[in-house]
Amino acid sequence: MRFGDVVTAVASLIIIFILILFPLSLVLTPALGNFEGFMLSAVVSFFLSAIIVGFIFTQKIWEARREAIAKIAVLFTVLVSVVVIMENAAATDWTPMTKEDYTKANPTATPSAFEWYIIERLAIVSDSFLNIVMVLPLVFIGLYIGSMLRKPTES
């Protein structure tokens, strides 16, 4: 699979992911709550969009199956990680939320300014870590399943 094909597959994955995520979030968030509804919507969207892209790109994926799936999954995961980091950096309530969660868990702690920086940085890194741990296997498995749903045409 050429790099251009990988980029096209990742772009398709992003578009399909968003097309599934938004309506699913509209349904699940009111029913399950903000965090649970959005997280379940994201997990389902990552998996379904990967299945669809695996199905669409079956012919290209079957040329070098595991390598092609790994390239698509890794590039998509890197893109998701960058988006998460930028999202956390742009969120105006990220620092107060982190401080509130930390002081709730550690009511007697009085961190210095540098310690708050480390705590907030660790919160962002842990968010990225959890996204990578969730996205990479879901997309890899979804692409594999999707590519199995349709056999490639003989050329």
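The values are calculated or read from the model by the stated rules, or taken from the named source; none is laboratory data. Since the model is a prediction, treat every value here as computed from it, not as a measurement. Glycine gets a Cβ as well: all are built from the backbone with ideal geometry, and neighbour counts include every protein chain shown.
Kindly indicate whether any position in segment 120-140 is without any contact (Cβ under 8 Å) to a residue 40 or more places away in the chain, more than 19 Å from the chain's Cα centre (by Cα) and surrounded by 14 or more Cβ atoms within 10 Å (Cβ to Cβ).
Step one: filter segment 120-140 for residues without any contact (Cβ under 8 Å) to a residue 40 or more places away in the chain, giving 120-126, 129-130, 133, 137.
Okay, now just the ones that are also more than 19 Å from the chain's Cα centre (by Cα), so 120-121.
Among the residues that remain, those that are also surrounded by 14 or more Cβ atoms within 10 Å (Cβ to Cβ) are: 120.
Scanning segment 120-140, I find at least one residue that is without any contact (Cβ under 8 Å) to a residue 40 or more places away in the chain, more than 19 Å from the chain's Cα centre (by Cα) and surrounded by 14 or more Cβ atoms within 10 Å (Cβ to Cβ), so the answer is yes.
Which residues, taken from segment 141-155, are farther than 20 Å from V74 by Cα and in contact (Cβ under 8 Å) with a residue 40 or more places away in the chain?
L149, R150, K151, P152, T153
How many residues does segment 78-98 hold that are at pLDDT below 80 and touching a Ser or Thr at 6+ places or on another chain (Cβ under 6 Å)?
0
Can you give me the number of residues within segment 44-90 that are over 30 Å from Y117 (Cα atoms) and not acidic (D, E)?
Of the residues in segment 44-90, the ones over 30 Å from Y117 (Cα atoms) are 44-73.
Narrowing further to those that are not acidic (D, E): 44-62, 64-66, 68-73.
Selection size over segment 44-90: 28.
What pairs come out if I take residues in segment 8-31 that are over 12 Å from L48 (Cβ atoms) and pair them with residues that are assigned to a helix (DSSP H, G or I) and of a type in the set (F, W, Y) whose C-beta lies under 7 Å away, six or more apart or interchain?
Partner pairs satisfying both residue conditions: V10/F76; S25/F38; T29/F38.
Go through the residues of segment 89-97 one by one and say whether even a single one is among the charged types (D, E, K, R) and outside any helix (DSSP H, G or I).
Restricting attention to segment 89-97, the residues satisfying the condition of being among the charged types (D, E, K, R) are 93.
Cutting the leftovers down to outside any helix (DSSP H, G or I) gives us 93.
Taking every residue of segment 89-97 in turn, at least one turns out to be among the charged types (D, E, K, R) and outside any helix (DSSP H, G or I).
Find the residue count for segment 45-73, including only residues that are surrounded by fewer than 17 Cβ atoms within 10 Å (Cβ to Cβ) and at pLDDT 95 or above.
Going through segment 45-73 one residue at a time, the tally reaches 0.
Residue check: is F114 at pLDDT 90 or above, part of a helix (DSSP H, G or I) and surrounded by 15 or more Cβ atoms within 10 Å (Cβ to Cβ)? Let's see the steps before the verdict.
Details: at pLDDT 90 or above: yes; part of a helix (DSSP H, G or I): yes; surrounded by 15 or more Cβ atoms within 10 Å (Cβ to Cβ): no.
No.
Name the residue that is farthest from V84 (Cα to Cα), counting only residues in segment 124-139 that are in contact with a Ser or Thr (Cβ under 7 Å, 6 or more places away or on another chain) and polar (S, T, N, Q).
So, considering only residues that are in contact with a Ser or Thr (Cβ under 7 Å, 6 or more places away or on another chain) and polar (S, T, N, Q), the one farthest from V84 (Cα to Cα) is N131.
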